[in-house]
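Asker: Before anything else, here's the structure in question.
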Amino acid sequence: MSWISSKLPWKKSKDVVRVVRLAGTIMSRPGRSTSSGRYLNLRSIEKVLDRAFDDKKVKPKAVCLEVNSTGGSATQSNLIYSRIRSLANDKSIPVLSFTEDYACSGGYWLAVAGDEIYMDPNSIVGSIGALIYSFGLVEAIKKLGECS
């Protein structure tokens with residue numbers, strides 16, 4: 001019997017590395033497709049993260065995040081980041097982030113969830129800050145006074 005069990009693939013110890021693809025715009029909308037990919041939010045990615053960090057059958061040596069996002073919702077970015085870090089800390093599994101084309105703004109925040117970040121020299125990576133648009137009616141508001 002031990003000879004047979006030694007031939008079974010699930011009886012051998014394996015080094016497993018799991019990959020989670022985090023691509024698309026980070027928005028609270030439920031998983032709709034866009035021209036650049038899917039919307040990312042905690043609801044759409046939570047089960048994938050849980051499976052990636054699952055250590056019941058075999059504990060992964062690492063979880064790799066494949067990040068390709070120009071960002072989006074700051075709240076959803078932080079919720080996904082927090083979930084990744086919570087699972088990594090609870091299960092003592094290292095996280096490695098790999099950037100493809102973009103890891104900007106909220107996408108950068110997702111990449112920072114990794115213990116290490118790897119990127120191509122041509123990748124666009126970093127926080128681009130928040131942009132605030134206005135109507136340009138500052139002088140009119142000063143003349144008219146503030147509404148209360």
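The values are calculated or read from the model by the stated rules, or taken from the named source; none is laboratory data. Not measured: the values here are computed from a predicted model. Cβ sites come from the backbone with ideal geometry, for glycine too, and all protein chains shown count toward neighbours. Only protein heavy atoms, including side chains, enter the accessible area calculation; ligands, DNA and RNA are left aside. Shrake-Rupley method; radii C 1.70, N 1.55, O 1.52, S 1.80 Å.
Asker: Output the residues belonging to the stretch 50-78 that are farther than 15 Å from V20 by Cβ, open to solvent by 60 Å² or more (accessible area, probe 1.4 Å) and assigned to a loop (DSSP other than H, G, I, E, B).
Answerer: Correct list: K56, K57, K59, T70.
Asker: List, please: which pairs have Cβ atoms under 8 Å, are six or more places apart or on different chains, and start with a residue in the stretch 95-117 that is in contact (Cβ under 8 Å) with a residue 12 or more places away in the chain and part of a loop (DSSP other than H, G, I, E, B) and end with one that is open to solvent by 10 Å² or more (accessible area, probe 1.4 Å) and small (G, A, S)?
Answerer: Listed by first residue and then by second, the contacts come to S105/G72; S105/S127; S105/G129.
Asker: For the stretch 79-89, state whether one or more residues are of a type outside the set (G, A, S), assigned to a loop (DSSP other than H, G, I, E, B) and open to solvent by 70 Å² or more (accessible area, probe 1.4 Å).
Answerer: No - not one qualifying residue is present in the stretch 79-89.
Asker: Identify, from the list R85, R38, R51, the residue that is in contact with a Lys or Arg (Cβ under 9 Å, 6 or more places away or on another chain) and either closer than 16 Å to W109 by Cβ or modelled with pLDDT of 95 or more (or both).
Answerer: Unique residue meeting the criteria: R51.
Asker: Every residue in the stretch 54-67 that is in contact (Cβ under 8 Å) with a residue 24 or more places away in the chain and farther than 16 Å from D15 by Cβ, please.
Answerer: L65, E66, V67
Asker: Can you name every residue in the stretch 88-127 that is among the charged types (D, E, K, R) and out of contact with any Lys or Arg (no Cβ under 8 Å at 6 or more places or on another chain)?
Answerer: Across the stretch 88-127, the qualifying residues are D90, E100, D101, D115, E116, D120.
Asker: Being open to solvent by 40 Å² or more (accessible area, probe 1.4 Å), in a loop (DSSP other than H, G, I, E, B) and either in contact with a Pro (Cβ under 9 Å, 6 or more places away or on another chain) or at negative phi (or both) is the requirement here; does K47 meet it?
Answerer: No; evaluated as a whole, the condition is false for this residue.
Asker: Failed condition for S92, given (1) at pLDDT below 95; (2) among the small types (G, A, S); (3) open to solvent by 70 Å² or more (accessible area, probe 1.4 Å), with all others met?
Answerer: (1)
Asker: I would also like to ask the following. Considering each residue of the stretch 55-90, count those that are out of contact with any strand residue (DSSP E or B) (no Cβ under 9 Å at 6 or more places or on another chain) and of a type in the set (K, R), and give that number.
Answerer: So the count comes out to 4.
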